[in-house]
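See structure below.
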Amino acid sequence: MQALLMIKIGLIGKTNTGKTTFFNSATLASAEISNYPFTTKQPNVGNAHAITLCVHKEFAVQDQPRNSRCIDGWRFIPIELVDLPGLIKGAWEGKGLGNQFLSIAAQSDALLHIVDASGSIDASGKIAEPGSGDPVADVGDIEEEMVMWYLKLFEANRDKIARAIGGGADPVASITEVFRGIGVREEHVQAALAQNKLAGVDLDDFGPQQSKDFCWSLRDISKPTLIVANKVDLPTATDNFRRLREEYKDMIVVPSSADAELTLRRAESKGLIKYVPGDERFDIRDQSSLNDKQKWALNLIRKDILGEYMRTGVQFAINVAVFKLLKMNAIYPVADAKKLADKHGNVLPDVYLMRAGSTVEDLAKEIHTDLAKGLLYAVDARDGLHLPTDYHLKDRDVLSIVSAKKKGK
């Protein structure tokens, strides 16, 4: 089986916002959770999942997943989740664990900005009286740190960019080269320049504010981010959640209780309840198997979290990041378009996450380089149509790729 190049999602935010609880609930890992600064001194890396409706029911077949899982008709596609050390003001200058944090965060495909919606931390990320902190300002602080780090990279390499352009290099390519190590692509730079009316403007004419505005746009475009309003179940969170949505209208704000999700996931793993991550309900398998504390906790989650917000928000945030922010489509490649199977007879074995705009050729390259070399066309499993190599893939496509080098998958 060809190894998938997994999507990487980074968890950012100040200390004590619940990032590690979110990480543990999504991955069922056991990273250290505490309420003192920099509990997470090294990044925690684990596998979470993007969840989408599987196609096997549409085709009335029983699937046999290999690179993913199928539970109750939902396909669980692995992604990489990274819990990063908490940020403090001045991180872009190297304060705290800033340099380590920013270099890893910037390598993520998308970011989940975890904020304590209950206002239980102060500006430095230390535990404070619930309601006394300001999550709206916390989001602004972290976003500023990210942008200043981009600006620092840009300014430190301004002369290098100017020399390249002076030597005849394309300006967009020259700027991209400076940021390429943190996942910035040429289309990101083009979009950021256009957004600030800087396309075609000489680099020497970029003033300080124009440079910073450009870096704001580049950060937003290259690292799409949503805000996770965590600890939303606490009494002091309601007003702050409303304020976050009003202040950051251009961002998606997802209400979340990572603690509730962790409780449900652990109860499910112990066989106490039936629960699919992201679901709006759970079922207790046997009431007699629960102690009073467990019954109280589960009832509280059912009433105050699922009853109020319909979900804990953890899986929903991941799904939104993958399918909305990154605009990924779930594609099912098969060797036999009629049997929906690979060459070993496994039905709907694999699913690939492909960016919107990806083509049959892109999919072939993702599966195997040899497959792409002799690529001829793809066969649509639904209607048998032959699709050209430049056909733009659509979500839930089931395709058999035909190649002169190697047929099928």
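Just one of the numbered conditions (1) part of a loop (DSSP other than H, G, I, E, B); (2) modelled with pLDDT under 95; (3) among the aliphatic types (A, V, I, L, M) is not true of V45: (1). Just wondering, is there one or more residues in the range 132-139 that are open to solvent by 40 Å² or more (accessible area, probe 1.4 Å), within 30 Å of D233 (Cα to Cα) and among the polar types (S, T, N, Q)? Looking through the range 132-139, at least one residue is open to solvent by 40 Å² or more (accessible area, probe 1.4 Å), within 30 Å of D233 (Cα to Cα) and among the polar types (S, T, N, Q). Can you work out which of the residues in the range 309-328 that are in a loop (DSSP other than H, G, I, E, B) and open to solvent by less than 60 Å² (accessible area, probe 1.4 Å) is nearest to E280 (Cα to Cα)? Per the stated criteria, the residue is T312.
If we scan the range 201-214, do we find a residue that is assigned to a helix (DSSP H, G or I), touching a Pro at 6+ places or on another chain (Cβ under 8 Å), open to solvent by less than 50 Å² (accessible area, probe 1.4 Å) and polar (S, T, N, Q)? If you could, list the steps in order and put the result at the bottom.
Kept after step one, since they are assigned to a helix (DSSP H, G or I), are these residues of the range 201-214: 203-205, 208-214.
The next check asks that each one be touching a Pro at 6+ places or on another chain (Cβ under 8 Å); those that pass are 203.
Checking which are open to solvent by less than 50 Å² (accessible area, probe 1.4 Å) leaves us with 203.
From what's left, polar (S, T, N, Q): none.
Scanning the range 201-214 turns up no residue that is assigned to a helix (DSSP H, G or I), touching a Pro at 6+ places or on another chain (Cβ under 8 Å), open to solvent by less than 50 Å² (accessible area, probe 1.4 Å) and polar (S, T, N, Q).
Against the condition surrounded by 14 or more Cβ atoms within 10 Å (Cβ to Cβ), closer than 19 Å to S257 by Cα, out of contact with any strand residue (DSSP E or B) (no Cβ under 8 Å at 6 or more places or on another chain) and not hydroxyl-bearing (S, T, Y), how does L306 come out, does it pass? When the stated conditions are applied, L306 passes them.
Among the candidates S30, S25, S34, the residue that is assigned to a helix (DSSP H, G or I) and either modelled with pLDDT under 65 or small (G, A, S) (or both) is uniquely S25. For F179, the conditions (1) at pLDDT below 90; (2) open to solvent by less than 20 Å² (accessible area, probe 1.4 Å); (3) on the phi < 0 side of the Ramachandran plot all hold with the exception of (1).
Residues are listed down the side, and each one gets a yes or a no for (1) modelled with pLDDT under 95; (2) open to solvent by less than 40 Å² (accessible area, probe 1.4 Å); (3) of a type in the set (D, E, K, R):
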| site | (1), (2), (3) |
| --- | --- |
| R75 | no, yes, yes |
| G90 | yes, yes, no |
| A105 | yes, yes, no |
| D109 | yes, no, yes |
| S124 | yes, no, no |
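Name the single residue, out of those in the range 262-296 being of a type in the set (K, R) and without any contact (Cβ under 8 Å) to a residue 40 or more places away in the chain, that is nearest to A317 (Cα to Cα). The selected residue is R281.
Which of the strands (runs of 3 or more DSSP E) contained wholly in the range 329-409 include at least 3 residues that are open to solvent by less than 10 Å² (accessible area, probe 1.4 Å)?
On the way: elements: 352-355, 375-380, 398-403.
Qualifying strands (runs of 3 or more DSSP E): 398-403.
If you take the residues in the range 39-73 that are of a type in the set (K, R) and out of contact with any Lys or Arg (no Cβ under 8 Å at 6 or more places or on another chain), which one is most open to solvent (accessible area, probe 1.4 Å)? Break it down into steps so the answer makes sense when it comes.
As a first pass, look at the range 39-73 and keep what is of a type in the set (K, R): 41, 57, 66, 69.
Within this subset, residues satisfying the condition of being out of contact with any Lys or Arg (no Cβ under 8 Å at 6 or more places or on another chain) are 41, 57, 66.
Details: K41: 110, K57: 140, R66: 85 Å².
Applying the filter and picking the extreme gives K57.
The values are calculated or read from the model by the stated rules, or taken from the named source; none is laboratory data. Because the structure is predicted, anything quoted here is derived from the model rather than measured. When we count neighbours, we look across all protein chains shown, and the Cβ atoms used for this are built from the backbone with ideal geometry, even at glycine. Surface accessibility is based on the protein's heavy atoms, side chains included, excluding ligands, DNA and RNA. Shrake-Rupley method; radii C 1.70, N 1.55, O 1.52, S 1.80 Å.
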